[in-house]
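Shown next, in structure tokens, is the structure this report addresses.
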Amino acid sequence: MAWMPRIAAALLILLVAVAGAVVVWWQRVMPATEGRLEVVGLAGEVSIERDAAGIPTVRGASRDAVLFGLGFVHAQDRLWQIDNHRRIGAGRLAEAFGPAAVDNDKFLRALGVRRAAAAQWAQMQGDARAAVLAYTAGINAFIAGHLRARPPEFVILGLQPEPWTPEDTLAWGIMMAWDLGANWTNELLRMRLAKTLPVARINELLPPYPGEKPLAVRDYAALYRELKLSPDLGKQALLDAPESGIEGVGSNNWVVAGTHTVSGKPLLANDPHLKLTAPALWYFARLEAPGFKVAGATMPGFPFVVLGQNERIAWGATNTNPDVQDVYLEQIKADDASRYRTPDGWAAFQSFDETIRVKGQADVKLTVRATRHGPVISDSGAAVVAGLTGAASGPAYALALRWTALDADAGGIEAGLAVNRAASVAEFIAAVERHVAPMQNMVVADVDGHIGFIAAGRVPLRRADNDLRGVAPAPGWDRRYDWAGFLDAGKTPREIDPPRGWIATANHRITSVDYPHYLTSEWALPYRQQRIEAMLGAQPKHDKESLRRIQADVLSLAARRLLPHLRKAAPTHALGAAAMQKLSAFEGEMRAGEAAPLIFAAWAREMTRAVFADEMGGDEAYLRQVGRSDFRAGLEGVLERNDVWWCDDKATPALETCGQLASRSLDRALGELQQRLGADIARWQWGTLHQARSEHRPFSKVPQLAPWFELRAATGGDNYTVNVARYHLKGDEPYLNEHAASLRAIYDLGDAAKSGVMHSSGQSGLVLAPQYRDLAAPWAALHDLSLWGKGERKLILQGRSAAK
């Protein structure tokens, strides 16, 4: 056995060598943060000073030099993230992730994101074009000259970073608009439900804004029966499309005039509710050049501060949720599938041949089409050959999408750059009037004491005889459903220096009953807005801490509304009495450390399923809709009307009542929670199952890697609290909080040193770096960082010619 020590020694040497190689590799992966680097594409010098949290202050002799530096630090700290953004915008995920991503790529190619981005870049001129080019050059200077070792995602997946292009920036802008607006999903849901439900019942499932009546539209269920539409039309598009239109993907913002603050100067608060990711979508930076000083939340891929503060103003945004997407039924010519019906006769589809490269498999060839309305989204996958109506080889209809974000004259870059330089509320409003998509409720304050609000974005005008109003897919051959132009940018909703002394928005209806223009019929329920207004009115003067308390609030007015129905339940489960005792003192505070919020949430989940699942069907497309919406407004209506039609389970011969369903749902909820957490209710906590999960793309889907790459923290709140913590009702972890305040900020217009910000992960996208996760715990605790801090480590970028 004398050989055993030699083998052990050899293994030890091997392990030491591997460990040493990993250490050397990681040292090379970590970005240079001190010293001097020569870079191609930069005129002069740029200094990058990072503070303890990794927030850079980028200084240069010109704005474009600073934007070069911003691109450089984005690439240093978030290279995998921006490479993933590039792949999403180009529909090239399958190259990296294999066959599982093919359907997603098909949809993105059919949607034509990259084609639209190329058209937008071709139209961009002047200052905006120079800014995008400078930013792009900064990213590519790092990739080409200073990437010493690939970050771990590239190594694990066997990928090489590719150069960034201006079209990548514009494509990512389109994808952010996609994330924040998706009326198309509700249109297709209505079309599918119309196969089995009358319009009146659909309006009960998807009711109008509180206090309003459903839009007066034609009987689209009868229309679709007349057209003999298949219920599978659009199903594949829903399955293949990237997530969009998620309730809770909105935001809160409010601005308080100096007349209502302790300091006498305005305060502005903002918390955008977006998908939680690791790393976060946001990256803090401070940008300084002569005549240009701005700080706040940048987004890797964009050459400006998206939300933040400069020397004169601060601003924040929430989603308006406008109806800027219309789906059209395009009738295909029976004897010539290359043509479709228009008001002027038959016209040829535009066709585009696409090749999707697939890791480990052969390329996938795809032909996608467009009509006069826009891309044919039903070309995204199997639906185009699966027999939408009639024979599989000859579908009778296709679905095309008209969407403002695909327009070639998008103004997002121009608006963002102008906002960074704006010096007053008036200049800010003028700057954002050129913004197209996504439409945003923007609040602003300036150092002179003015406050303001504008809903900025392009709004389509629909004809008076359009009797579908964009709520359901319309016949594309009927001219009355075509858009009739766009609302003048100066006529979108706005308000400046209101007498009440504050402005707040929370994705609620922002227009008064006398506003003459149609924006949407699908506003978010007003619970957050009502709570914000109540807390703003609860004290005469506000300071930073009182605004922070509003951001931290976890009282769910929506939970309060359903509690009377839950308290009437008569559970038969062994834990029923203990559960009812917990609920007796529960008033809707969704605190992480308590059991009652968990019991309520589990009951509401089961109750929603019991009421609606049989009428909605059980296929994947419907289940995905349940993930997009919790149908809370529909459930409230059913219970308050005691609507037995909905409460009755159509699959059983008995006639179930709403009271019976409430009791059975509580029994099922308690059974589920007992299985997850045990039989001692005293040990149950909402935060145990309601963890904020910052998803890593793609390694959260790999069980062995997920614990390393994703971030989790126990959280309170729910879909309707000011401190939003949205859960999805489905999957193995139905209570995970995956859409929340991705960023929190409070800006002080009297003393910028008091302005504070925080996002949900850390500045670095490098998993072993301390700054990958160091902000997650402070974010969960609602702490903040100084927006205008100072750097501790200084890196100088020195320009040199490419020929040197």
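Please report, largest first and rounded to whole Å, the three semi-axes of the ellipsoid equivalent to region 642-720, where each semi-axis is the square root of five times an eigenvalue of the C-alpha gyration tensor.
35, 17, 13
Take Asp323, Asp409 and sort them by solvent-accessible surface of the protein heavy atoms, 1.4 Å probe, largest at the top.
The most accessible residue leads, giving Asp409, Asp323.
Using the Cα gyration tensor of region 317-366, with a ≥ b ≥ c the square roots of its eigenvalues, what is the shape: rounded (a/c below 1.5), prolate (a/b larger than b/c) or oblate (neither)?
oblate
Roughly how big is the chain's charge dipole about its Cα centre, with Cβ charges of +1 (Lys, Arg) and -1 (Asp, Glu), in debye to the nearest 20?
My answer is approximately 980 debye.
So if we plug the beta-carbon distance of Glu495 and Asp614 into 1/(1 + (r/R0)^6) with R0 = 45 Å, what FRET efficiency do we get, rounded to 0.05?
Efficiency at R0 = 45 Å is approximately 0.50.
Using the eigenvalues of the Cα gyration tensor, what equivalent ellipsoid semi-axes result for region 277-368 when each is taken as the square root of five times the eigenvalue, whole Å, largest first?
Value: 45, 23, 13 Å, ordered largest first.
Between region 96-124 and region 452-483, what is the separation of their alpha carbon centroids in Å?
Using only Cα atoms to place each centre, the spacing works out to 25 Å.
Counting other Cβ atoms within 10 Å, keep those with at most 16, restrict to DSSP loop, and tell me which trypsin sites (Lys or Arg not before Pro) in region 406-483 are left.
Arg463
What is the extension gain from Glu311 to Ala52, computed as 0.36 nm multiplied by their sequence separation minus the C-alpha to C-alpha distance, in nm to one decimal?
Residue separation times 0.36 nm, minus the Cα-Cα distance, leaves 90.9 nm.
Calculate, for Gln160 and Arg28, the FRET efficiency according to 1/(1 + (r/R0)^6) with r their C-beta to C-beta distance and R0 22 Å; round to the nearest 0.05.
0.90
I'd like the Karplus ³J(HN,Hα) series for region 280-292: coefficients 6.51, -1.76, 1.60, θ = phi - 60°, whole numbers in Hz, and an x wherever there's a Gly or Pro.
4, 5, 9, 9, 6, 7, 10, 10, 9, 8, x, x, 8
Taking all protein chains in place and a 1.4 Å probe, what share, in percent, of the accessible surface of region 519-648 do carbon and sulfur account for?
52 percent
Which loop-located trypsin sites (Lys or Arg not before Pro) does region 721-766 contain, where loop means any DSSP state but H, G, I, E or B and the Cβ has at most 13 other Cβ atoms within 10 Å?
Here the trypsin sites (Lys or Arg not before Pro) that fit, given the DSSP loop and packing criteria, are Lys730.
Evaluate the relative contact order of region 669-804 (contact order divided by residue number), counting alpha-carbon pairs under 8 angstrom at least 6 apart; express in whole percent.
Computed value for region 669-804: 17 percent relative contact order.
On the protein heavy atoms, probe 1.4 angstrom, tell me the percent of accessible surface of region 258-381 carried by carbon and sulfur.
Using a 1.4 Å probe with all protein chains present, region 258-381 comes out at 48 percent carbon and sulfur.
Take each complete run of DSSP H in the chain, measure how far its Cα atoms stretch along the helix's own axis, and keep only those covering 20 Å or more with mean Kyte-Doolittle hydropathy at least -0.5; list them.
Helices meeting the criterion: 3-29, 63-90, 126-145, 166-180, 596-616, 658-677.
With each pseudo-label sitting 7 Å past Cα toward Cβ, what's the Arg129-Lys541 distance in nm, one decimal?
5.4 nm
Run the reach check for Lys195 against lysines, Cα to Cα strictly under 17 Å, same-chain hits fewer than 8 apart removed. What comes back?
Lys228, Lys235, Lys650
Based on C-alpha coordinates, I'd like the Rg and Dmax of the chain, in Å.
Cα-based Rg and Dmax for the chain come out at 27.0, 94 Å.
So for the chain, averaging the separation of alpha carbon pairs under 8 Å that are six or more residues apart and normalising by length, what relative contact order in percent results?
Relative CO of the chain lands at 19 percent.
What area, in nm² and to one decimal, does the C-alpha convex hull of region 183-229 cast on average over all directions?
3.4 nm²
Under a straight-distance cross-link criterion of Cα-Cα below 17 Å, which aspartates and glutamates are reachable from Lys213, leaving out those fewer than 8 residues away in the same chain?
Glu204, Asp467, Asp514, Glu522, Glu636, Glu640
Give the shape of region 43-123 as rounded, prolate or oblate, defined through the alpha-carbon gyration tensor: a ≥ b ≥ c are the square roots of its eigenvalues, a/c under 1.5 means rounded, and otherwise the shape is prolate if a/b is larger than b/c and oblate if not.
Note, shape of region 43-123 comes out oblate.
Sort 495-503, 73-81, 629-637 by packing, meaning the average of other beta carbons within 10 Å per residue, with the highest value first.
By packing density, highest mean first, the sequence is 73-81, 629-637, 495-503.
For every other residue with a beta carbon closer than 9 angstrom to the beta carbon of Gly637, add +1 if it is Lys or Arg and -1 if Asp or Glu, then tell me the sum.
Its environment carries a net charge of -3.
Can you give the helix-only mean residue ellipticity at 222 nm for the chain, where every DSSP H stretch with n ≥ 4 adds -39500 (n - 2.57) and the sum goes over all residues, rounded to the nearest 500 deg cm²/dmol?
-11000 deg cm²/dmol
Give the accessible area for His435 in Å² (nearest 10); use a 1.4 Å probe, count only protein heavy atoms, and leave out ligands, DNA and RNA.
Ignoring ligands and nucleic acids, His435 comes out at about 30 Å².
Carbon-plus-sulfur fraction of the accessible area of region 91-203, 1.4 Å probe, in percent?
55 percent
Considering only the other residues whose Cβ falls under 12 Å of the Cβ of Ala122, what net charge follows from Lys and Arg at +1 and Asp and Glu at -1?
0
Using the heavy atoms of the protein chains alone and a 1.4 angstrom probe, what is the accessible area of region 673-741 per residue in square angstrom?
40 Å²
The values are calculated or read from the model by the stated rules, or taken from the named source; none is laboratory data. These numbers were taken from a predicted model, which means no experiment stands behind them. FYI the Cβ positions are ideal-geometry reconstructions off the backbone, even for glycines, and counts take in every protein chain you see. When the accessible area is computed, the model is the full protein with side chains, heavy atoms only, and any ligands, DNA or RNA have been set aside. Shrake-Rupley method; radii C 1.70, N 1.55, O 1.52, S 1.80 Å.
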